[in-house]
Amino acid sequence: MPTLPSAKKRMRQNVKRQAANRTRKSRVKTQMRKFLEAVAAGDRDQAEQHYRATVKMLDQTAAKGTIHANEAARRKSRLAKKLAAV
């Protein structure tokens, strides 16, 4: 356990950030799953709608620093390929 006040504060901040990052990553995964389910069902309109929401969420998550920008770009590219295949 930290003893210095600054270290204690840093630990509190890290706990908050971990929770926020976990929430953001979970939301992205859920949104991607919805998109992939729509693709598997062959529903193009629904897939496009979920694709737009997923891309927006990936961009926001990357902007916050939860995931790397290149990871977001890679995921968007892979999702776009799947959408085009529908």
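All of the numbers you see were taken from the coordinates with simple rules; none came from a lab. None of these values were measured; they are calculated from a predicted model. All Cβ positions, even for glycine, are placed from backbone atoms using ideal geometry, and neighbour counts span all protein chains on display.
Once the convex hull of the alpha carbons of the chain is built, what does its volume come to per residue, in cubic angstrom?
Values: hull volume 7.2 nm³, N = 86.
In the chain, the Cα hull volume divided by residue count equals 84 Å³.
Dipole check for the range 5-85: with +1 at the C-beta of Lys and Arg, -1 at the C-beta of Asp and Glu, and the Cα centre as origin, the magnitude is about 720 Debye.
Here the Kirkwood formula, the inverse mean of 1/r across different C-alpha pairs, assigns the range 37-86 a hydrodynamic radius of 11.1 Å.
Under a cut-off of 27 Å between alpha-carbon atoms, report the lysines in cross-link reach of residue 82, not counting same-chain residues fewer than 8 places apart. Reachable lysines: 25, 29, 34, 56, 64. With axes computed from alpha carbons, what is the tilt in degrees of helix 69-85 against the longest principal axis of the chain, rounded to the nearest 10 within 0 to 90? Relative to the chain, helix 69-85 is tipped by roughly 20 degrees.
Placing unit charges on the Cβ atoms of the charged side chains and taking the dipole of the chain about its Cα centre, the candidate lying farthest along the positive direction among 18, 28, 4 is 4.
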